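Enquirer: Just passing along the structure, written as structure tokens.
What follows is calculated from the coordinates using simple rules that are stated; it is not laboratory data. Keep in mind it's a predicted model, so treat the numbers as computed, not measured. Because the Cβ atoms are built from the backbone with ideal geometry, glycine has one as well, and the counts that use them run over all protein chains shown.
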Amino acid sequence: MKSFLCKLTIIFFISSIIVSCSDTKQNKIKKNTPKHIILFGSDGFGAYAFNEKAKIPNIRHMMANGSYSLKARAVLPSSSAVNWASMIMGSGPELHGYTEWGSKTPEVPSRIIGKDSIYPSIFSVIDAQLPDAKTGVSYTWGGIGYLFEKSVVDLDFNGKSDEETVTKALDFITAEKPVLTFIHVDEPDGAGHGIGHDTPEYYAAVEKIDSLVGMMINRLKTENMLDDTVIIFSSDHGGIEKGHGGKTLLEVEIPWIIYGKNIPAKGELSTSIVTYDTASTIADLLGLEQPDFWRGKPVLNIH
């Protein structure tokens, strides 16, 4: 009988330790998980533009107080739809099938077909694993509307200007408290095509985007949401002269900046980042399991 009681006591003791460790782990995960993630995508904002010509104090504030890379890379071709799709779908064009600047449907059949008959994005991953969480997409370029599952988001807004796009997104964020919001702004791509990359007009457009980033940060502060939010700032491609789509680093290298809750000021990252790592990083930040058919890897050295 004593032997039985002794064994029972040992089993109870070990079980208590396991439960305690499990609870500690769960509490740690809960504590470190941001309540809100904002993916802010600026079209045509090349990594080359981070020089003395660009007066971007708000974006530089995120860089100084978070982590960043100016050597992250777009997928090829260095064009819009193919790269925005890759950013939120966790995979390159070989798998999701969007291969051109203005792809509305995959030119190559998607390897996996998910909700809304498209390759699964971070939005359907959140919908499956956090079914009560709200998500939204606010975008200026209408081409974004073909790249995510409209049936699973709570905001699908195509703004007429970048200002309207950001304002709508911020109204949604502060009112609905979504777990993920993707904001797409169309500049400085318009200036790059119209006037040219690396021109005074291009940098004026860059600075306008910085002012919108500042407006977003100030709004989050006012609403007491900034401390629970992670912001990822990135782009689909850079550019050269009046175009993009080629293989030069001016076109392929993009900024990748992460700032906010539990993101220490580590500064420049040495790790290699491809745009499809963004979706994987968002999934990792939220404690979600990414699909095994995604090719992205979460950027882990941001903690």
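Enquirer: Treat each spin label as a single point 7 Å out from the Cα along the C-beta direction, and report the Asn51 to Glu100 distance in nm.
Expert: The modelled label-to-label distance comes out at 3.4 nm.
Enquirer: Right, something else. Work out, in µm²/s and without decimals, the Stokes-Einstein translational diffusion coefficient of the stretch 138-229 at 37 °C, 0.692 mPa s, Rh from Kirkwood over C-alpha pairs. If you can, show how the numbers build up before the last one.
Expert: Details: Rh = 14.2 Å.
Roughly 232 µm²/s, to the nearest whole number.
Enquirer: Please list, or write none, the aspartates and glutamates whose alpha carbon is within less than 12 Å of the alpha carbon of Lys71, excluding same-chain residues fewer than 8 places away.
Expert: List returned: Glu251, Glu253, Glu268.
Enquirer: Next up: Give me the aspartates and glutamates in straight-line cross-link reach of Lys150: C-alpha distance below 18 Å, same-chain residues under 8 apart excluded.
Expert: Here the aspartates and glutamates satisfying the reach criterion relative to Lys150 are Asp116, Asp127, Asp132, Glu176.
Enquirer: Between Ile195, Ile126, Ile258, which gets the highest mean-square fluctuation from a Gaussian network model of the chain, Cα cutoff 10 Å?
Expert: The residue with the greatest mean-square fluctuation here is Ile195.
Enquirer: Could you pull the Cα extents of the chain along its three principal axes, largest to smallest, in whole Å?
Expert: Each principal axis gives a Cα extent; for the chain these are 88, 43, 37 Å.
Enquirer: With a 10 Å Cβ neighbour count serving as the proxy for reagent exposure, in which order, fewest first, do Glu268, Glu187 appear?
Expert: Details: Glu268 10, Glu187 22.
Fewest to most other Cβ atoms nearby, the residues stand as Glu268, Glu187.
Enquirer: Further question: Determine, for Leu70, Leu249, Leu220, the number of other Cβ atoms within 10 Å of each Cβ, and report the residues in order from fewest to most. Working shown, then result.
Expert: Values: Leu70 18, Leu249 14, Leu220 21.
Placing the least packed residue first, the sequence is Leu249, Leu70, Leu220.
Enquirer: Tell me, Ser151, Ser78 in order of fewest to most beta-carbon neighbours within 10 Å? All intermediate terms of the calculation are to be shown ahead of the outcome.
Expert: On the way: Ser151 11, Ser78 28.
Final ranking by Cβ density, sparse to dense: Ser151, Ser78.
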